[in-house]
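> Sharing a structure, written as structure tokens. Questions coming.
What follows is calculated from the coordinates using simple rules that are stated; it is not laboratory data. Because the structure is a prediction, the values reported are computed rather than measured. A quick note on method: Cβ atoms are made from the backbone with ideal geometry, for glycine too, and the neighbour counts reach across all protein chains shown.
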Amino acid sequence: MPRLSQPHLLGIKNITLRDIELIFETADNFKEVINRPIKKVPSLRDVTIANVFFENSTRTRLSFELAQKRLSADVINFSASTSSVKKGETLLDTVNNILAMKVDMIVMRHASAGAPHFLSRHIKANIINAGDGTHEHPTQALLDAFSIREKLNGVKGKKVAIIGDILHSRVALSNIFALNKLGAQVTVCGPPTLLPKYISKLGVNVELDLQKTLAWCDVANVLRIQLERQQLKYFPSLREYSLYYGITRERLDALKKPIVLMHPGPINRGVELSSDAADSRHSIILDQVENGVAVRMAVMYLLAGTAS
């Protein structure tokens with residue numbers, strides 16, 4: 001059974017280029033599986049996986065759960081809002097109680113950056129980071145890069161723009177790490193107030209002009225404004241943000257070339273993307289959703305092979 005270089009997927013920063021390539025090769029096979037009449041394989045028939053979500057999630061949680069069921073794993077779901085966490089139970093106690101039920105793997109989302117890294121030092125189960133604060137979201141970056149590879153026959157040398165709320169986005173950071181490892185050229189674009197001060201040190205270009213960015217790129221990965229993570233006001237209004245940084249059909253039609261339009265979801269239609277842009281021929285947003293199941297199947301299958 002093929003294996004990743006380490007027993008957890010805590011972030012893209014922690015894994016090797018060979019790990020990413022192995023995940024993609026495995027996801028290619030699983031994508032064939034999920035498009036067959038019988039969409040299930042017995043690969044993880046004896047593995048129990050807990051989805052431990054301390055933050056709300058729709059797409060990521062459903063994608064992981066479907067991937068687990070496609071692999072024939074036993075699945076338990078944990079939601080902090082209906083758990084003993086509300087009574088003061090610690091993260092470690094919560095997870096140890098779940099592990100006492102003989103769980104082999106944990107998929108965890110947490111509002112605190114570093115939470116899955118902390119757990120990995122204290123428990124023996126495989127851990128997959130499904131998003132930790134504003135830090136990383138590794139499986140989203142993997143499915144994004146996998147989708148670019150599929151659409152453009154590779155990632156190396158491609159010009160990828162990440163547009164929007166870079167400051168509060170765990171998707172942006174993981175994408176930057178993944179795209180750099182795969183040899184893409186990366187530009188980030190957004191209002192100066194939504195660009196981290198350290199961003200240029202990550203090997204990316206910084207551009208404030210949206211139309212210049214769209215004219216440069218092969219792929220535009222558009223991020224939503226994460227109002228729930230913003231304690232301050234970073235721009236005057238959503239209307240003004242949309243005026244300067246919203247991607248519309250008119251902006252796309254003004255380009256002299258086709259580009260690939262991506263979004264990790266959920267889309268704030270009329271803010272970062274107009275409906276006619278999100279639903280245009282440029283968009284591969286629904287392909288990303290499909291690829292997310294195959295990529296997450298690949299990650300869990302490969303991590304199960306690293307279990308002691």
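> Tilt of helix 59-70 relative to the longest C-alpha principal axis of the chain, in degrees (0 to 90, nearest 10)?
40
> Would you work out the relative contact order for the chain, in percent, from Cα pairs under 8 angstrom that are 6 or more residues apart?
Details: 558 pairs, mean separation 68.3, N = 308.
22 percent.
> By DSSP, what percent of the beta bridges with both residues in the chain are antiparallel, rounded to the nearest 5? Please list the in-between numbers first.
Values: 1 of 36 bridges.
Taking every DSSP beta bridge with both residues in the chain, the antiparallel ones total about 5 percent.
> From the Cα gyration tensor of region 1-79, with a ≥ b ≥ c the square roots of its eigenvalues, which class applies: rounded if a/c is under 1.5, or else prolate if a/b is larger than b/c, or else oblate? Let's see the in-between values first.
Values: a/c = 1.63, a/b = 1.06, b/c = 1.54.
Oblate is the answer for region 1-79, as a/c is 1.5 or above yet b/c matches or exceeds a/b.
> Next question, about the same structure. Grab the DSSP H runs of the chain that are 4 residues or longer, score each as -39,500 (n - 2.57), total them, divide by all residues and round the 222 nm result to the nearest 500 deg cm²/dmol.
Working: 11 runs with 116 residues, N = 308.
My calculation for the chain gives -11500 deg cm²/dmol from helical runs alone.
> Once you have a ≥ b ≥ c as the square roots of the Cα gyration tensor eigenvalues for region 187-229, tell me rounded if a/c is under 1.5, and otherwise prolate or oblate according to whether a/b is larger than b/c. List each step's numbers first, then the result.
On the way: a/c = 1.85, a/b = 1.22, b/c = 1.51.
Cα axes put region 187-229 in the oblate bin.
> Something else now. Hey, could you grab the Kirkwood Rh for region 138-286? Inverse mean 1/r over distinct alpha carbon pairs, Å, one decimal. Before the final figure, lay out each step's value.
Numbers: mean 1/r = 0.0660 Å⁻¹.
It is 15.1 Å.
> Past 18 Å, Cα to Cα: identify those pairs from Lys181/Lys257; Lys40/Lys124; Lys181/Lys201, in the order given.
Checking Cα-Cα distances, Lys181/Lys257; Lys40/Lys124 exceed 18 Å.
> List the relative contact order of region 138-286 as a percent without decimals, with contacts defined as Cα pairs under 8 Å and 6+ residues apart.
Numbers: 253 pairs, mean separation 35.1, N = 149.
Computed over region 138-286, the figure is 24 percent.
> To continue, here is another question. Using a 10 angstrom Cβ neighbour count of at most 11 plus a DSSP loop assignment to flag exposed trypsin sites (Lys or Arg not before Pro), which longest range of the chain is free of such sites? Before the final figure, lay out the partial values.
Details: sites that count: Arg45, Lys102, Arg121, Lys124, Lys156, Lys197, Lys233, Lys256, Arg281.
With a cap of 11 other Cβ atoms within 10 Å, the longest stretch comes to 46-101.
> I would also like to ask the following. What's the angle, to the nearest 10 degrees (0 to 90), between helix 138-152's Cα axis and the longest principal axis of the chain?
Here the helix axis deviates by roughly 50 degrees.
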